[in-house]
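Below: one structure, written as structure tokens.
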Amino acid sequence: MNIMDFNVKKLAADAGTFLSRAVQFTEEKLGQAEKTELDAHLENLLSKAECTKIWTEKIMKQTEVLLQPNPNARIEEFVYEKLDRKVPSRVNNPELLGQYMIDAGTEFGPGTAYGNALIKCGETQKRIGTADRELIQSSALNFLTPLRNFIEGDYKTIAKERKLLQNKRLDLDAAKTRLKKAKAAETRNSSEQELRITQSEFDRQAEITRLLLEGISSTHAHHLRCLNDFVEAQMTYYAQCYQYMLDLQKQLGSFPSNYLCNNNQTSVTPNPSVLSNAIGSSDMASTSGLVVNSPSNLNDLKECSGSRKARVLYDYDAANSTELSLLADEVITVFSVVGMDSDWLMGERGNQKGKVPITYLELLN
């Protein structure tokens, strides 16, 4: 037998199998043929897998919308992903707003009240933009990727084996139908042999499908760990944003009273307790006793020659080697230096010395 003859016979056999399955499926729908039912355990596993697939897709798509609200940007990222190319870096909205504020503040003059405030707000917005970028990267790696791998990997394998099980079930029921219709003994023997083969193939495929479906419980456990990672990333992001805004509020609140006036209308100095009440008294109990230095205290310190003791109100991480890191409630020595920015003093702790922000200090008598 040459290859062409073999291919022709194979095509004919495949066509015959397809026709037999189509006839069986049609007769089942019309109520003219019996259908072999799967056992209850296998049906429950199939239902659980389908439910997992549907909700995983919905959660994954909505998370993508949450992390990237711009639909055009999502389409662009999808195209780059399919082309297996790196998505070009783009400035996000907080970073863009921050840059506009910094540029405006520079234009108005860093020495002016409004210009200085704009620059400080812009720097904070850019920090928030960086935190937002880190949230997206972390969530994509630790949450979205595992969900997508399930949809495009494990569930596709399950769907393929489920389709094979459906075909084996149709072959089995078609063989049962042919056996019922067989009249001659020779035809019955042939039909019985076919039934035994199709029953064996169906049982084997049902076992393969069952083993795959029982892995859904492991998938749920894995997705639970990924969900915890996502929540951790969100918690870090919101904590960073809160701290950035709290620091900004302290900086803006440290401006002298004449800085907070615009067109003869006096603005109210922001109070950190307002924000802490919005977050919740239980979570912010440690900050309920914050004391904000009044402008007069700050001016007294600036005008003071020599050093003063000050208690640190909040933890502060030095941004560079010229600054001094602080721990809440510690007492340090502070003094003014000619030409230093009005928002800063020189701090000293033992052999360590560096700039410290005034708004983090409470002067001691």
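The values are calculated or read from the model by the stated rules, or taken from the named source; none is laboratory data. As the structure is a prediction and not an experimental result, all values here were calculated from the model. Please note: Cβ atoms are built from the backbone with ideal geometry, for glycine as well, and neighbour counts cover all protein chains shown. Heavy atoms of the whole protein, side chains included, go into the accessibility calculation; ligands, DNA and RNA do not. Shrake-Rupley method; radii C 1.70, N 1.55, O 1.52, S 1.80 Å.
Summary of values
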quantity	calculated
Those residues of region 152-184 whose amide nitrogen sits under 17 Å from the label point placed on Arg225, 7 Å along Cα→Cβ	154
Accessible-area value, Glu362, 1.4 Å probe, nucleic acids and ligands omitted, Å²	40 Å²
Of Lys35/Lys180; Lys53/Lys160; Lys120/Lys353; Lys160/Lys181; Lys160/Lys180, pairs whose Cα-Cα distance is over 21 Å	Lys120/Lys353; Lys160/Lys181; Lys160/Lys180
Region 302-365: relative contact order in percent, alpha carbon pairs under 8 Å with at least 6 residues between	37 percent
Peptide ranges 204-214, 321-331 listed from the most packed, as the mean C-beta count within 10 angstrom indicates	204-214, 321-331
Simple label model, 7 Å out from Cα along Cβ direction - Asn44 to Arg311, nm	6.2 nm
Whole-Å semi-axes of the ellipsoid equivalent to region 78-139 (Cα gyration tensor, √5λ, descending)	32, 12, 6
Calculated FRET efficiency for the pair Leu67/Val331, C-beta based, R₀ 51 Å, to 0.05	0.70
Other-chain or far-sequence residues with amide H under 5 Å of Asn92's (modelled H)	none
Residue-by-residue Karplus 3J(HN,Hα) for region 320-336, coefficients 6.51, -1.76, 1.60, Hz, glycine and proline x	7, 5, 7, 9, 10, 6, 10, 10, 4, 6, 6, 10, 10, 9, 10, 7, 8
Taking all pairs of distinct alpha-carbon atoms in region 155-212, Kirkwood radius in angstrom	12.0 Å
Simple spin-label estimate for Glu214 and Gln352 in nanometres, 7 Å along Cα-Cβ	5.8 nm
Amide H contacts under 5 Å for Trp344, placed H, 5+ residues apart	Ile358
Between region 207-234 and region 97-158, the Cα center-to-center distance that results, in Å	29 Å
Label-point gap, in nm, between Arg188 and Leu364 - each point 7 angstrom along Cα→Cβ	10.6 nm
Per-residue ³J(HN,Hα) for region 222-236, Karplus 6.51 cos²θ - 1.76 cosθ + 1.60, θ = phi - 60°, Hz, x for Gly and Pro	5, 5, 5, 4, 5, 5, 4, 4, 5, 5, 4, 5, 5, 4, 4
